[in-house]
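Quick notes on the structure that follows.
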Amino acid sequence: MGVLYCGLAVTSRGLRVIEFNARFGDPETQAVLARLRTPLGGLLLAAAKGQLDEHEQLRWSKQSAVAVVVAAENYPGTPRSGDRVRGLNKANALDGVHVIHAGTKLDDNRKVVSSGGRVLAVVALGEDLVDAREKAYEGVELIHLDGSQHRSDIALKAANGGISIPAQRSRTETAKEQA
């Protein structure tokens, strides 16, 4: 199950759609859902009943969100699995941070181990993008998985002011210009 959303890229020609996707497992979805304040279960029930038009308007946190994936050794090739994942409780205890499991399982001793390429995502909410990014990477640093890898540039360009999204004009402004 998932929600159809579009992946956007900011280009020199403005916003462009680069993909459509529908999986909750995508890191992009995990960051977006971290900001959703409307209960997701109620939205899904309304969608299943064909009653979204009767549902309350979506409420969103004004905070920024960043999701950083921790991947297993050799990802995206044949990822190594069975390695113990440590530090999850410490990362989850950070203010505004939560860890989403993707490629994990419990071993015979009920310990969390890797079982796939994208092992987990550390998602953080912050007052702005810089704050959210710092919290996400603080969480990543607390997690220990032998041979793991993660990108170090997630949200960096945007946090440094290197990406700007042109302001959208309202329909009224557009209509006035055309008149």
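The values are calculated or read from the model by the stated rules, or taken from the named source; none is laboratory data. Computed from a predicted model, the values in this text were never measured in an experiment. Heads up, the Cβs are rebuilt from the backbone with ideal geometry, glycines too, and the neighbour counts pull from every protein chain shown.
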(message) G147 - would you say it is in contact (Cβ under 8 Å) with a residue 24 or more places away in the chain and surrounded by 17 or more Cβ atoms within 10 Å (Cβ to Cβ)?
(response) no
(request) Could you give me the residue pairs with C-beta distances under 9 Å whose first residue belongs to the stretch 115-143 and is over 21 Å from A72 (Cα atoms) and not assigned by TED's automatic domain parsing to the domain that holds K90, whose second residue is assigned to a strand (DSSP E or B) and among the hydrophobic types (A, V, I, L, M, F, W, C) wherever it lies, and which are 6+ apart or on separate chains? (result) none
(request) Could you figure out which of (1) farther than 17 Å from Q30 by Cα; (2) surrounded by 11 or more Cβ atoms within 10 Å (Cβ to Cβ); (3) modelled with pLDDT of 95 or more isn't true of A158? (result) (3)
(message) So E141 ticks every box in (1) at pLDDT 95 or above; (2) touching a strand residue (DSSP E or B) at 6+ places or on another chain (Cβ under 9 Å) but one. Which box is left unticked?
(response) (2)
(message) Checking S64 against (1) among the hydroxyl-bearing types (S, T, Y); (2) in contact with an Asp or Glu (Cβ under 6 Å, 6 or more places away or on another chain); (3) over 24 Å from L129 (Cβ atoms): exactly one of these is not met. Which one?
(response) (3)
(request) Take the stretch 22-51 and flag every residue that is surrounded by 11 or more Cβ atoms within 10 Å (Cβ to Cβ) and more than 22 Å from V99 (Cα to Cα). (result) G42, L43, L44, L45, A46, A47
(request) Could you give me the residue pairs with C-beta distances under 6 Å whose first residue belongs to the stretch 55-77 and is surrounded by fewer than 16 Cβ atoms within 10 Å (Cβ to Cβ), whose second residue is in a loop (DSSP other than H, G, I, E, B) and hydroxyl-bearing (S, T, Y) wherever it lies, and which are 6+ apart or on separate chains? (result) L58/T38; R59/T38
(request) Just one of (1) farther than 20 Å from T29 by Cα; (2) assigned by TED's automatic domain parsing to the domain that holds F24 trips up L40, so point out which. (result) (1)
